[in-house]
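Colleague: Okay, here's the structure, questions in a sec.
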């Protein structure tokens, strides 16, 4: 029955192009050849007899956000010298070209070596290129960003994000806790940071209480 519907669809397509679309007579053979080519491709590659198979949607892991495509929460200058390089890098990263994303930011840093946003972007690109793990090169990029401006929130924020994605939850908690302690109450990134930190602590579970020190033994009653 599937071939009956395929041939019917082909006939309707040809009829629509010729009469409804008023296709010129000279172009009709080419249009017919295109439809026949589509039918031939389906005959070679189509498998209409296969039974239906519902695919279960895999649950997304709790990775605390994507480092590359994550909104920068007001931490980056959208109109400064880094904006153009960050935009190009993000475009490469979204299509899976993480190497080009990192190389683009390296070119930007050759022109603006002290730009914090570019160093942070390079760290994010290197994390993505490493499959979501904090590599030594990525850690160095975040460190270089923090050296340029120790008060800037982006280096610790995205460094903690990379640590969390790589599985170092305790390290991420330490970095984010320090950032939260020095973030102003009206900082645009504070609500997002608080939410991520709460998720992180929930994933870590309740803290394990420290063992109480052993009680000192009382001296015997007949001791001098």
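Each reported figure results from applying straightforward, stated rules to the coordinates on display, with no laboratory input. Just so we're clear, the structure is a prediction, and the values are computed from it rather than from any experiment. Cβ sites come from the backbone with ideal geometry, for glycine too, and all protein chains shown count toward neighbours.
Colleague: Counting other beta carbons within 10 Å of each Cβ, put 142, 92 in order, fewest first.
Modeller: Going from least to most buried by this count: 92, 142.
Colleague: Using alpha carbon coordinates only, what is the Rg to Rh ratio of the range 82-204, with Rh defined as the Kirkwood radius? Working shown, then result.
Modeller: Details: Rg = 14.2 Å, Rh = 14.6 Å.
The Rg/Rh ratio comes out at 0.97.
Colleague: Compute log10 of I(q)/I(0) for the range 122-171 with the Debye formula, placing one identical point scatterer on every Cα and leaving out solvent, at q = 0.18, 0.19 Å⁻¹, to two decimals.
Modeller: Ignoring solvent entirely, the Cα scatterers give -0.47, -0.52.
Colleague: Here's a follow-up. By count of other Cβ within 10 Å, fewest leading, how are 151, 133, 104, 98 ordered?
Modeller: 151, 133, 98, 104
Colleague: By counting other Cβ atoms within 10 Å of each Cβ, how are 140, 179, 118 ranked from fewest to most?
Modeller: Fewest-to-most Cβ neighbours within 10 Å comes out as 140, 179, 118.
Colleague: With each label point set 7 Å from Cα along the Cα-Cβ vector, what nm distance links residue 139 and residue 94?
Modeller: 3.2
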